[in-house]
Each structure stands twice: as structure tokens, then as C-alpha cells.
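The block underneath contains the structure these notes are about, expressed in C-alpha cells.
The values are calculated or read from the model by the stated rules, or taken from the named source; none is laboratory data. Computed from a predicted structure; not experimentally measured. With ideal geometry, Cβ positions are generated from the backbone for all residues, glycine too; neighbour counts draw on all protein chains shown. Ligands, DNA and RNA are excluded from the accessible area calculation, which covers all protein heavy atoms including side chains. Shrake-Rupley method; radii C 1.70, N 1.55, O 1.52, S 1.80 Å.
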Amino acid sequence: MSAIPASFFGWVAFLLQKYGSLFLRGAWITLLVAISGTICGFVIGLLVAVARSLTVPARAGFLPRAGIRALRGALAVYVEVFRGTPMIVQAMVIYYGAAQYLGLNMNELAAAVLIVSINTGAYMAEIVRGGVMSVDTGQSEAARSIGMSHWQTMASVVLPQAIRNILPSVGNEFVVNIKDSSVLNVIAVSELFFMSKSAAGTYLRYFEVFFITGIIYLILTFTVTRLLRLLERKMDGPKHFTVFGSQSDSRAEITYVKEER
Amino acid sequence: MPQSQDGIEGNNGAELDAVIEVVGLSKRFGGNEVLRDIRFTARRGEVVCVIGPSGSGKSTLLRCVNLLETPTGGRVMFHGRDIQGAGFPLREYHARVGMVFQQFNLFNNMTVMRNCVEGQRKVLRRNRDDSEKVAMKYLAMVGMDGYRDAKPAQISGGQKQRVAIARALAMDPEVLLFDEPTSALDPETVGEVLSVMRNLASMGLTMIVVTHEMGFARDVASRVVFMEGGLIVEEDAPEVIFTNPKNARTREFLARVL
Ligand SMILES: Nc1ncnc2c1ncn2[C@@H]1O[C@H](COP(=O)(O)OP(=O)(O)OP(=O)(O)O)[C@@H](O)[C@H]1O
Ligand SMILES: [Mg+2]
């Protein structure tokens, strides 16, 4: 590492060489936080939406009814609070609150995953609720009319379709999390933005460093979007099906092609 | 038609053959009284056709019998037992009283085969092999066995309704309720569904059929129930209803639709 570079591309090459592993580590942490946060958030969202779908049984006693009502209230508050405040503020309150009042010095990475998870969970709860509503009630009634319970109906009929329908929104949350996890630099999580800041500081080359950072974010989000598209296609199953020879219809196997939507 | 006779009937000696008895049933939505003092009986092997103008409460009646709606008065009896009574085995009742809907309501995330297998596995706790065998038997009966791997989005309306009938039959029901099973179909495909239903009737399955297909009602029904404004106006044998109805409103309705 001898001469100080003179051109933009010279700087980019220089910084990549000097801080390449730093960028990589930052990108890895960003991806880790976004993936775990999105998955945990998705699970939280599912649980919240299913819990909110519980109806109060008419014949239930006072205690179960009060319980269900209290649970619903608590979940509504959770969704409102975490959708109604910025994640950067949530990070500060949770991280420093835990340190000051619970004497809990959270590991930064664990704190990051926790914060992204509960933040995403609040959004996912609403997304899943929309997904459940997108499955027409006729199918639930059909399930009920052959004796399936509320849970069986949810598990085998409603949720699989709801999840398929909300997959684009879930992917969107994932992309948002890749980008927005950058605010977690305020609690010193060594994600991509935090790493970039320290890389830029030494030579004061903010433009070049953050140019590289931008490209890395773009690569991450682009890759993720493509992978999710693939997953969607996989969930839709084959476009073809085979008609087998039937007792009442002796045509041999014919393959039908589903028309494009 | 398989008719497992064990389990929930506690025949009180009322009417020996009565499978479903509706006694003074009423239903109101808010202030809107949709059903008033409905009484009729479906005996074993009978086909009861329910006809009447739009909004007369026919769907609501079937939905009350299947408890998709909760009646606000009166009772529905299954083999002499009140289906809303304490300790009545509702899941078993649902398994034994199937329903076929106007909009088919197939499970869109499942293949034709799985549509017919899911309830057997989850509700009747049959194993996979037995369930698939039963499913294939009924899919063949409705002429849809060749389509076992298709998804509902890939088949026509008439085919969907035939699969929906096979799905209901796969539970080995004693009674099937049909709510305008051909109203959402193209005229050309109505026939294929009606012929499946004629076949079921000839095999002795007990059926309650809400329909606008007067030809079907005339040929197949054991009795025809004419409803209007939430009331049963007239109930009689099809020959009487269609040739010599006693009530003036029945006559008016038939004059309009025939
Ligand atoms: N969930 C509901 N809430 C309020 N009113 C309802 C509800 N379901 C049905 N109704 C009313 O009950 C009446 C009877 O409806 P129903 O669907 O049973 O009629 P129908 O005889 O099946 O008519 P169609 O031949 O058009 O299917 C209608 O006036 C309808 O508006
Ligand atoms: Mg109707």
C-alpha cells in the first residue's frame, strides 16, 4: 500500500483492497440481522394474526372470555406501538433501557435481531391478517361442513393460501429490513453501515466508501428479490398436470397447460 | 351408499325413518326475520327439493341445518337428537351431513385428490391408503378420477362441482345438502352435475336440494317444499306441486319460472 490514489476509481480500488474484508463482514451481519429478523418477525406475525382470529365461544365461561379479550387488547397495543414509532427510537429505548433499568448488557447482535424481529412482527401481523382475509370464507365453510376444526382449517386450508398470497409483501419486508437495519449502527451493531462509517473515517473518503456501500446494498436486495420470486414460482407448483386414463373417460394421458395469469 | 349406523342416533321412536327433522326453526339477522317456524322432515332415502324465489331463505335454511348459521329459534334433530343439545357430537354430525355449495368451495391449495382425502384423514382419522382408495372410488363415480392431480384452478366449473360432490361423498355421509349446485354453471355443464345427482338419488342417498332446476325437482324429488318470505308455503309430492298446486302463490311462482 504505497501511494495515495488520485482518481475516483483509484480510491475505490484502494478502499476495496484495504477494507474488503470489513465490507464483507458488515454485509454478512446485515444479511444475518435481516434474515433472522424477517423470519422471527414472520413467525410473530403469524401467531399474532392467528391469536386475533380466535372468536370468543358463546358458551365459554367468564375467565376464558376475559382472557381472550385481554390477549386481543395486548396484541393490538403491540401492533400500534411498534408500527407507530421509528425503529431507531425502538433500538435506543430497548437497548439502553435494558442496560439502565434491568442491568442487562445485551450483546449488540442479539439486540439487533430482537429489535428487527419485534418491529417486523408488528407489520407482519397486519400483513398476515390481510392474507387470511384474502382467502374466501367459502373454503373455511366447506372445511367446517366436513367436520374440520378451526385449527385444522387454519393449518391446512387458510394459512397455506394466505402465506402464498402475502409472499410478495413478506419479501418487501425482507428488503426493507436489509436497508433499515442500517439504523442499528446507533447501538454499535457491526452491520454494513457501521463498518462503512469506520472505513470512511480513516481517509475521510465518504463518497467513495458509501458508493461501494450502496452497491453492496443493491446486490443484497437484488439477489434476495430474485430468490423470493423463485420461491413464489416453486410454491405455485407445476403449470402442467396429467389426465390419467379413467374408467369413464378412456383417453390416455393428456397434459394440460394452465393458462398464464 | 354406505350408512354407518353406529354412534350418534338415539332414536326416540318419533319417526323411525326420520334422518333430519326441522322443528319450528327460525332465524333472524338483527331485526330481519329470515326464517319463520320452518318444519319439515327428511326421511331415509328421500330427496327433498326446496324451491322458491330469491331471498326466500332457502340458503339460510340449509346453513342452519349444517350449523354454518346458528338458529335463533326452534330445533334441528338428527335421528331424534337435538344437534344443539349438550353433548351432541358435532364433528361427527358434520362428517355425516355433507354440503355442496353453489360456489363449489374447493380447497384451492390442494389437488383434486387431496381435496377428497383431507377430511377423511383429519376428521375420520383414516390412513392415507384407505383415504385414497375411498377418494378414487367416488372420483371415478363422478367421472373425475383422471384429474386427480389437477388443481381446482385448472378445471371447469362443472368438473369442480363434481369434485366437490366426491369430496362430500368421501366422508361416507348419510345426508347431503345441496345449495343451488348448478346455479353458477354454464348451461352446457349443468347436465353433467345433475346426472351425478340423479345417480346418487337412485342409490338411495338422503338429499336436501335447494334448486332452480324444476325438471330435476319434478323427476327426482320425493317431496317438494315451496318457500317464500321465510315461510314454507306448500309442501307436497312433485306431481301435486307441479301440476296441481293448492296455494295461489306456488302457482304464481311456477308460472314465472316454468
Ligand atoms: N348474514 C346475513 N346477514 C343479514 N341478512 C342476511 C344474511 N344472510 C342472508 N340474509 C338475508 O336473508 C334473506 C334470505 O337469504 P337467503 O340467502 O337464505 O335466500 P335464498 O332463498 O337462498 O335466495 P337465493 O335464491 O337468491 O339464493 C335475504 O333477504 C338476505 O338478505
Ligand atoms: Mg341461496
Longer than 25 Å from Cα to Cα, which of A:LYS234/B:LYS137; A:LYS234/B:LYS151; A:LYS179/A:LYS239; B:LYS27/B:LYS160 are they? Say none if no pair is. A:LYS234/B:LYS137; A:LYS179/A:LYS239; B:LYS27/B:LYS160
Longest principal axis of chain A (C-alpha) makes with the long axis of helix A:159-180 (C-alpha) an angle, in degrees to the nearest 10, of 10
Roughly what angle does helix A:206-235 make with the longest principal axis of chain A, taking Cα atoms, 0 to 90 degrees, to the nearest 10? 20
Given a 1.4 angstrom probe, what's the average accessible area per residue across the stretch A:8-260, in square angstrom? 53
Please list, by residue number, everything in the stretch A:196-239 whose backbone N is under 18 Å from a paramagnetic label point 7 Å out along Cα→Cβ of A:ILE88. A:196-198, A:210, A:214
Gyration tensor over alpha-carbon atoms, the stretch B:113-223, equivalent ellipsoid semi-axes in Å: 24, 17, 11
Give the Kirkwood hydrodynamic radius (Å, one decimal) of the stretch A:8-260, defined as one over the mean of 1/r across all pairs of different Cα atoms. 21.6
Project the alpha carbons of the stretch B:80-178 onto their principal axes and report the range along each, largest first, in whole Å. 43, 30, 23
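Grab the DSSP H runs of chain A that are 4 residues or longer, score each as -39,500 (n - 2.57), total them, divide by all residues and round the 222 nm result to the nearest 500 deg cm²/dmol.
-25000 deg cm²/dmol
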Would you calculate the convex hull of the Cα atoms in the protein assembly as shown and tell me its volume per residue in Å³? 211
State, as an integer percentage, the relative contact order of the stretch B:126-181 based on alpha-carbon contacts under 8 Å between residues 6 or more apart. 39
Net charge dipole size for the stretch A:8-260 [Lys, Arg +1 and Asp, Glu -1 on Cβ; Debye, nearest 20]: 300
For an R0 of 51 angstrom, estimate the FRET efficiency from the Cβ-Cβ distance between A:THR223 and A:ILE4 and round to the nearest 0.05. 0.90
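Per residue and in Å³, how big is the convex hull formed by the alpha-carbon atoms of chain B?
Given the Cα convex hull of chain B, per-residue volume reads 131 Å³.
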Find, among the trypsin sites (Lys or Arg not before Pro) in the stretch A:20-97, those assigned to loop by DSSP (not H, G, I, E, B) with at most 10 other beta-carbon atoms within 10 angstrom. A:ARG59
To the nearest 0.05, the calculated FRET efficiency linking A:LEU230 and B:LEU254 through their beta-carbon distance, R0 being 60 Å, is 0.55
Let me check against my output: what whole-number percent is the relative contact order of chain A, with C-alpha pairs under 8 Å and at least 6 apart? 26
Between B and A, accessible area buried - total, square angstrom, nearest 100, 1.4 angstrom probe: 2700
Placing +1 at every Lys and Arg Cβ and -1 at every Asp and Glu Cβ, with all other atoms neutral, what dipole size does the protein assembly as shown have around its Cα centre, in debye to the nearest 20? 1220
Principal-axis tilt of helix A:62-84 within chain A, Cα atoms, nearest 10 degrees: 40
Compute a Gaussian network model of chain A, connecting alpha carbons closer than 10 Å, and tell me which residue from A:PRO64, A:PRO160, A:PRO168 fluctuates the most. A:PRO64
Please work out how much accessible surface B:ARG91 shows to a 1.4 Å probe, ignoring ligands, DNA and RNA, in Å² rounded to 10. 90
Of the DSSP H helices in chain B, the ones reaching 27 Å or more along their long axis in Cα terms and averaging at least 1.0 in Kyte-Doolittle hydropathy are none
How long, wide and thick is the stretch A:9-132, going by the Cα atoms along their three principal axes, in whole angstroms, largest first? 74, 38, 20
